[in-house]
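*Asks:* The structure that follows is given in the form of structure tokens.
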Protein chains: 4
Amino acid sequence: MKTAQPDVIPGNERHSAAHTGPNMKALVYHGPGKCAWEDHPRPAIQDAADAIVRITTSTICGTDLHILKGDVPTVTDGRILGHEGIGVVDAVGDRLSGFRTGDKVLISCITACAKCDFCRKGMYSHCRNGGWILGNTIDGTQAEYVRIPYADTSLHPLPPVADEEALVMLSDILPTGFECGVLNGQVKPGDTVAIVGAGPIGLATLLTVQFYSPAAIFMIDLDDNRLQVAKRFGATALVNSSDGNAVQRVMELTERNGVDVAIEAVGVPATFDICQGIIAAGGHIANIGVHGEPVQLHIEKLWDRNVTLTTRLVDTVTTPMLLRIVQSGRLQPGKLVTHRFALSDVMKAYDTFGNAAREKTLKVILKSDGVR
Amino acid sequence: MKTAQPDVIPGNERHSAAHTGPNMKALVYHGPGKCAWEDHPRPAIQDAADAIVRITTSTICGTDLHILKGDVPTVTDGRILGHEGIGVVDAVGDRLSGFRTGDKVLISCITACAKCDFCRKGMYSHCRNGGWILGNTIDGTQAEYVRIPYADTSLHPLPPVADEEALVMLSDILPTGFECGVLNGQVKPGDTVAIVGAGPIGLATLLTVQFYSPAAIFMIDLDDNRLQVAKRFGATALVNSSDGNAVQRVMELTERNGVDVAIEAVGVPATFDICQGIIAAGGHIANIGVHGEPVQLHIEKLWDRNVTLTTRLVDTVTTPMLLRIVQSGRLQPGKLVTHRFALSDVMKAYDTFGNAAREKTLKVILKSDGVR
Amino acid sequence: MKTAQPDVIPGNERHSAAHTGPNMKALVYHGPGKCAWEDHPRPAIQDAADAIVRITTSTICGTDLHILKGDVPTVTDGRILGHEGIGVVDAVGDRLSGFRTGDKVLISCITACAKCDFCRKGMYSHCRNGGWILGNTIDGTQAEYVRIPYADTSLHPLPPVADEEALVMLSDILPTGFECGVLNGQVKPGDTVAIVGAGPIGLATLLTVQFYSPAAIFMIDLDDNRLQVAKRFGATALVNSSDGNAVQRVMELTERNGVDVAIEAVGVPATFDICQGIIAAGGHIANIGVHGEPVQLHIEKLWDRNVTLTTRLVDTVTTPMLLRIVQSGRLQPGKLVTHRFALSDVMKAYDTFGNAAREKTLKVILKSDGVR
Amino acid sequence: MKTAQPDVIPGNERHSAAHTGPNMKALVYHGPGKCAWEDHPRPAIQDAADAIVRITTSTICGTDLHILKGDVPTVTDGRILGHEGIGVVDAVGDRLSGFRTGDKVLISCITACAKCDFCRKGMYSHCRNGGWILGNTIDGTQAEYVRIPYADTSLHPLPPVADEEALVMLSDILPTGFECGVLNGQVKPGDTVAIVGAGPIGLATLLTVQFYSPAAIFMIDLDDNRLQVAKRFGATALVNSSDGNAVQRVMELTERNGVDVAIEAVGVPATFDICQGIIAAGGHIANIGVHGEPVQLHIEKLWDRNVTLTTRLVDTVTTPMLLRIVQSGRLQPGKLVTHRFALSDVMKAYDTFGNAAREKTLKVILKSDGVR
């Protein structure tokens, strides 16, 4: 039961022909395979709960690559991409209470009205007025300025001077790895955990799973370079799955018991299958990957194995906690950054990010060129 | 860490001498032992998130009696009392999205901004901008009209025609018994539960504890009339504690194991002591009572008993769920009502409620006399 | 890590040619489609933790039908079938401390050593020395006598006079419906629950889900007779799925939100699909059904829906609690019984149970013919 | 409801005058203030579930000092003290399945039958046939040999060569700090935690609380030496409470919010008071200390603070997990050891342990002198 009507719907705005305000530069999507860093009207306050944020640091997500390929039908021609970023508040709506012009802020990839039934149970991902809308159904963060609806509950305060390269990882991938992988996987001290996929999300999971002190962490991937990164980040065993024997290898490593927690961080049937094949009786499979097709669930083997399987879109409810931990020095997400670009070089950054294996890319940083 | 600055503080308003708007009638507190049903300026929208509600049904809480005695120092001369009620929305602030003029609504005793750190973890009771303020630090519901701050997240929608006598129990005592007693007590199917105190809160606990199907429910009180009510409401054994042997009696009833859950619904040392004396190893003591003095905790006996003790001010996070259950017909809180008065007879209602043992009062209903 | 070596393995015993002890009658499996009520050596104590139980009441499970068809390869020629029963202890091993000859007992379908790592975390179903072995890898309960290994932790005490028809439902189907469906589904007061399958297990789930006071319970089946039984047992809405529109119907009933909990109690792809189709964001799918083939998991739709899917073989950890609730009168599992037979008429009972739709069979009772 | 009768009661045995078996040396209690390292009959198997363990490493607990003072009335003249130790299995009863003569084992301070109702819910501390009996109601581990009842479920396997100084901390203080303090305190990543008391138990809590990655850990004690140790072990702030201002200091450190978790590791009213004074709304107070007198609970301040207070005697259910973590190298409990003695010098070891402040003692190790 809904306890509140949807608010004024914040989005799908298009700049009218009559726009006369100042312009900015932004990465604009123009259909599959087409996007450009181009002039675009600067966003303005539309609602009393909005904030306008001038971007100082942004980054690119694997989802952005999918959008560019045309895989995400909700993203239409003219949309500014990007859902991650740090910036400075440039303007605020009349009702904003938590932020003022000039505040340094972290932008959450999830917009939360805080009032609907889903928000009130902490499922911001399913907010009836927000959710994942930035760079999807409203303009995003790969731009000089971005409008943030429900800003009081969709931004997080940062100190004026902050390690932006590290903290921008908290816009999406750190809460995603932590909430969808670690929390949903119910990792406990002493557990044996396998993470399938050593890309940025899998590595973010690897960093945050260590909050719970598992006794063993197996990292499974096709790319030896990424596996070596995983080793430096704390994996206790590496499994290159390119020979098709990953399941067998993990079962050997666990005296044929399987793992307590298997975390899927890729999003294809083959990696889901590995998770099914290695899960111990009583274990948890936590899916993070974005899947484009069904998978075969071997329920004829799992029905009596007391297994739990979870899915989740990140809610970013743990972002304040993750900020505390990064600020306490116990977590250094900055080590996920491999390349840096000026924001105006975002097209080049997409090239580097899109050729991750060749370029050994994990996360790329986009830094603003200064105030306009 | 706070994620939001306090909003404009909603309250401690006093009607200025220059007030020229319409008047209404209200129960106004004038210091210990003094209150009157008198003319008072009708409240107006002060903030865009406010609603003005015309009261159709209200009731009196044990806390109101404490206020009248002068036990609650935050309540000052001139305050309108009451934190429970049902009514019709009479006016709304510009920012209200969930309610319109004419909507029938349930008023929560707890006001929640929904944005502060406490609200975001479901602890509305500790809302940095609200909490228990109605009839405490701002004017309350024993009046013809009341102003509700943060109305989107402090009111609940009702159908136009509703059993108001039953539903007004959801303003406070049903969520209080359920959250502070039943949920905090972690009652499970098959448990043995004792409720100490068969007043309105204890009986609300008795009604809602049955959601979890305990195998036995012991009701402990000094008043045989209330114990008989408890029996009709589902208690499986009654213990009159006036002889001082309640602990011994419960231990006999449980083959000397004690109870899995002991719920304190009075708020004095003697009843707290009963809970300590009857709790099983591994059990839960859930305190609901409002205490005015310290208690002696027998930790020299309990330190190795694996016992959990909880305190809580109701958060009213379960109100939507309780509404669903009342509407499904599985809970009839209307049976807590023993007396009915016109709202204008509120002084008489206080007399009846204040002499509960003599009058066999549980909850009194205050019905509005019609629209002014 | 295992904390204990497997004990002497209890089972796969075959009566030797040289057997000279007393005989009994038992239902013996002789390969697919073949079984007979025939003479068989009476079991004897093999281990100091064993008990021999003389059966007074038994019943037939859907799994027994699968065994008879040859679907369960662990069951071999010569095996006595059955894993449910009540009886009287006839002999005890030297090490038994909890039971004596003459005690009335409930037999758990799951044998638990109580010492292995799985038992110590309450996963008796995966006991390294037991689990589901009765009528599977060792002789079962559809006989005049049965040997129970680890009897101290695999039997439950009953009073000398007990409602055996009701209590024999606690050998398997009540804990199965409750643990695999209700507990794994994390049903909460006020939830909307769908149970797919109104056979004995689905109905046992329906009875026990009411321990948690859901606001709505939808029962989905192909058989109108079983749906009518479900209505009498507490279902709030019935959905006959034979027209292929069950998903659509449930979505209409829930204002297109779907259900909080979907419980699969059949074990085929079609019923699993219904569960996938009706689950709300944030909901739980709890599988009870025994599946013989993989299912297609629509993870391309569910990946961002915050859904939890569980599987489980019953652990029977809740049997003592269920016994308390049955004894408190809050649960009447006896109403699942539709037919009664003498134990010696077990072949006729299988016919009736195997033609459930025609005979309107739920559970059949097998009563012993008296002491031999 | 008990599901099993108590077994043969294991204990309170006294060596009969007619004892003719071999002797050993042991620390025997002879009433308040009196004990001696003296000849004593070597224990023998009394029950088929017993093991006899030859002690290779033992240690002294604060509780042993209390016993010596006469504070523990269940300990009577003639009792061998000690409930911690590592050794080699010397003899096994007929029913033991998990251990053989020659196995290296860790002795749990808690004896668990694994079959009673408490054991089956993981509350081994309240085992109806065991619990804390070693060095209490039966002879203990400060001896050359000890008899362990229910050895299958009261011993843990170790590899033949093991770091005994580190692992003997898992007999008692590591699971005690972890279960009673960390688990009961429900510590989460990012929390602010205070530990009151930097003795061996408080330091064991400090080591294990880091499994959950709190953002801040305050250590509170009267002894600057112990506080410095705490700093080396991971405390992020130190508070010397000897000036009576500990509460004020912690409130300053937390911007007057208080701590999420306060862990009491001393057992006197003054330290309990600190916990009450510093707990945040919504926080957890976890008591570990052994208390000899009641405390005043300020429920007049806490009733509306949503606080949880727990007590617990260690269950040692987490010992297998702690063993895995120690073996994975993530925890080095050996750093708690400050002094080492030959087992035959146990009287000297008591002196050193009893003068902890002067001697800067944390844990003392008692090493056997070799096989007799």
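The values are calculated or read from the model by the stated rules, or taken from the named source; none is laboratory data. Since the model is a prediction, treat every value here as computed from it, not as a measurement. We place every Cβ from the backbone using ideal geometry, glycine too, and count neighbours over all the protein chains shown. The protein model used for the area step is the full one, side chains on, heavy atoms only, and it has no ligands, DNA or RNA in it. Shrake-Rupley method; radii C 1.70, N 1.55, O 1.52, S 1.80 Å.
*Asks:* Helix D:269-278 versus the longest principal axis of chain D: what angle, 0 to 90°, nearest 10, using Cα atoms?
*Replies:* 40
*Asks:* Quick one: of the DSSP bridges fully inside chain D, what percent are antiparallel, nearest 5?
*Replies:* 55
*Asks:* At most 12 other Cβ atoms within 10 Å and a DSSP loop assignment: could you name the trypsin sites (Lys or Arg not before Pro) in the range A:192-290 that fit?
*Replies:* Those satisfying the criteria are A:R256.
*Asks:* Can I ask one more? Can you list which of the GluC sites (Glu not before Pro) found in the range D:240-347 are DSSP loop residues with at most 13 other C-beta atoms within 10 Å?
*Replies:* For GluC sites (Glu not before Pro) across the range D:240-347 that sit outside H, G, I, E and B with at most 13 neighbouring Cβ atoms in 10 Å, the list reads D:E255.
*Asks:* When we measure straight from the Cα of C:K34, which aspartates and glutamates land under 15 angstrom away, once same-chain ones fewer than 8 places off are left out?
*Replies:* Partners found: C:D64, C:D71, C:D77, C:D351.
*Asks:* For D:G102, place a label point 7 Å out from Cα along the Cα→Cβ vector, do the same in each other copy, and report the separations in nm, one decimal, smallest first.
*Replies:* Going from nearest to farthest copy, the values are 4.7, 7.9, 9.0 nm.
*Asks:* Per residue of the range D:31-36, what does 6.51 cos²θ - 1.76 cosθ + 1.60 with θ = phi - 60° give for ³J(HN,Hα)? Whole Hz please, x for Gly and Pro, Karplus curve as stated.
*Replies:* x, x, x, 10, 7, 8
*Asks:* Lysine pairs, Cα distance under 23 Å, 8 or more residues apart or cross-chain: how many in the range A:268-372?
*Replies:* 7
*Asks:* Right, another one. Tabulate in residue order the Karplus-calculated ³J(HN,Hα) for the range D:350-356, using 6.51 cos²θ - 1.76 cosθ + 1.60 with θ = phi - 60°, rounded to whole Hz; enter x for Gly and Pro.
*Replies:* 3J(HN,Hα) across the range D:350-356, in whole Hz: 4, 4, 5, 5, x, 10, 4.
*Asks:* Then there is this: Can you list residues whose amide H is under 5 Å from D:G283's amide H, if they're 5+ apart or on another chain and H is modeled 1.01 Å from N?
*Replies:* Here D:T308 satisfy the definition.
*Asks:* Let me ask something additional. Grab every C-alpha pair in the range B:58-196, bin the distances at 10 angstrom width from 0 up to the longest one, and report whole percents.
*Replies:* Each 10 Å bin holds this share of Cα pairs: 11, 37, 36, 14, 2, 0.
*Asks:* What is the average number of partner chain Cβ atoms found within 10 Å of a Cβ in C:314-321?
*Replies:* So the per-residue partner count for this stretch is 3.
*Asks:* Which residue fluctuates most in the GNM of chain D (Cα springs below 10 Å): D:H291, D:H339, D:H156?
*Replies:* D:H291
*Asks:* Could you tell me which residue in chain B puts its beta carbon nearest the axis mapping B onto A, with the distance rounded to whole Å?
*Replies:* B:A114, 2
*Asks:* Now for a different question. Count, for each residue of D:86-96, the Cβ atoms from other chains sitting within 10 Å of its Cβ, then give me the mean as a whole number.
*Replies:* Across D:86-96, the average partner-chain Cβ count within 10 Å equals 1.
*Asks:* P(r) tail for chain A, what percent of Cα pairs lie past 33 Å?
*Replies:* So the pairs more than 33 Å apart make up 29 percent of the total in chain A.
*Asks:* May I pose another question? For the pair C and B, how large is the buried accessible area, both sides, in square angstrom to the nearest 100, if the probe is 1.4 Å?
*Replies:* Rounded to the nearest hundred, the buried surface is 1300 Å².
*Asks:* Quick one: 3J(HN,Hα) in Hz for the range B:47-60, Karplus 6.51/-1.76/1.60 with θ = phi - 60°, rounded, Gly and Pro as x.
*Replies:* With coefficients 6.51, -1.76 and 1.60, one gets 9, 5, 9, 7, 10, 9, 10, 7, 6, 9, 9, 9, 7, 10 Hz.
*Asks:* Amide H neighbours of D:C35 under 5 Å, counting only residues 5+ apart in sequence or on other chains, H built in-plane at 1.01 Å?
*Replies:* D:H30
*Asks:* All other residues with a Cβ under 9 Å from the Cβ of D:D260 taken together, and with Lys, Arg as +1 and Asp, Glu as -1, what is their net charge?
*Replies:* Summing Lys/Arg as +1 and Asp/Glu as -1 gives 0.
*Asks:* Around C:L134, which amide H atoms from residues at least 5 apart in sequence, or from another chain, sit under 5 Å from its own amide H, with H modelled in the peptide plane?
*Replies:* C:T111
*Asks:* If we hang a label 7 Å off Cα along the beta carbon direction at C:Q296, how far is it from the matching labels on the other copies, in nm, shortest first?
*Replies:* 1.3, 7.1, 7.2
*Asks:* For the protein assembly as shown, report the accessible area per residue in Å² (1.4 Å probe, heavy atoms, rounded to an integer).
*Replies:* 35
*Asks:* Give me the percent relative contact order of the range C:256-372, please, defined on Cα pairs under 8 angstrom at least 6 residues apart.
*Replies:* 18
*Asks:* Let me ask something else. How high is the relative contact order of chain A, given as a whole-number percent (alpha carbon pairs under 8 Å, six or more residues apart)?
*Replies:* 16
*Asks:* Let me ask something else about it. Per residue of A:118-124, count partner chain C-beta atoms within 10 Å of its C-beta, then hand back the mean as an integer.
*Replies:* Taking the mean over all residues of the peptide, I get 4.
*Asks:* How far is C:H30 from the same spot in each other copy, in nm, shortest first, if each label point sits 7 Å from Cα toward Cβ?
*Replies:* Counterpart label points of C:H30 in the remaining copies fall at 7.7, 8.2, 10.0 nm.
*Asks:* Let me ask you something else. Could you state the number of Å between the C-alpha centres of the range D:301-340 and the range A:199-225?
*Replies:* 26
*Asks:* Could you tell me what percent of the accessible area of the protein assembly as shown is made up of carbon and sulfur, with a 1.4 Å probe and every protein chain present?
*Replies:* Carbon with sulfur: 50 percent of the solvent-accessible area.
*Asks:* Helix B:200-209 against the longest principal axis of chain B: what's the angle in degrees, Cα atoms only, rounded to the nearest 10?
*Replies:* With rounding to tens, the tilt is 70 degrees.
*Asks:* Tally Lys/Arg at +1 and Asp/Glu at -1 over every other residue whose Cβ is under 12 Å from the Cβ of A:F233; what's the total?
*Replies:* For residues surrounding A:F233, the net value is +4.
*Asks:* What does the net charge come to around A:G292 if you take all other residues with beta carbon closer than 13 Å to its beta carbon, with K and R at +1 and D and E at -1?
*Replies:* -2
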